[in-house]
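The values are calculated or read from the model by the stated rules, or taken from the named source; none is laboratory data. On a predicted model such as this, the values are computed, not experimentally measured, just so you know. Note that each Cβ is placed from the backbone with ideal geometry, even for glycine, and that neighbours are counted across all protein chains shown. What goes into the accessible areas is simple: the full protein's heavy atoms, side chains included, and nothing from ligands, DNA or RNA. Shrake-Rupley method; radii C 1.70, N 1.55, O 1.52, S 1.80 Å.
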Amino acid sequence: GGAREASAPAASVGAKLPAAAGPGELQVEAQGRWFRLGGGEIVDLSRKRTLRPLLLALVELHLEQPGEALDVDGVFRAVWGAERILAEAKKNRVYVAIATLRKAGLDAAIETRGDGYLLRPGLVTAWA
């Protein structure tokens, strides 16, 4: 006998889900260099210096505190650190970064609420 290893259920392997079924599983490379949503194409973020830390922050929050949102300040700190910037410019930068991550293929996975941004509750998320 050997140690049990956690693995994804094999039931959905190769299955083509209709669009209404939701985004499926989100796989994210440990440094945020790429992601794959629902068995689709791998999306390369290796040259996207703002999107990588944003994706990592959203995934870490989703795994550690499902259903919690990252507010504008939290997103800004995750991506730009302690840089000082006017509040309106900060909001704009965060909005553009989130919109760019959505356009990169995560529109179905990112939810916007009054308190911030999060990966949709119930989205199965795994490090690749």
| said: Show me the strands (runs of 3 or more DSSP E) entirely contained within the stretch 63-128 in which 2 or more residues are open to solvent by 50 Å² or more (accessible area, probe 1.4 Å) and out of contact with any Asp or Glu (no Cβ under 8 Å at 6 or more places or on another chain). | reply: 110-113
| note | G39: passes all of (1) surrounded by 10 or more Cβ atoms within 10 Å (Cβ to Cβ); (2) part of a loop (DSSP other than H, G, I, E, B); (3) at pLDDT 95 or above but (3)
| query | Does L61 count as modelled with pLDDT of 95 or more, on the phi < 0 side of the Ramachandran plot and not basic (K, R)? | reply | yes
| Got a sec? Which of A3, A30, A8 is part of a loop (DSSP other than H, G, I, E, B), farther than 22 Å from P121 by Cβ and at pLDDT below 50? | A3
| field | Identity of the residue in the stretch 42-54, touching a helix residue (DSSP H, G or I) at 6+ places or on another chain (Cβ under 6 Å) and not in a loop (DSSP other than H, G, I, E, B), that ends up surrounded by the fewest Cβ atoms within 10 Å (Cβ to Cβ) | value | V43
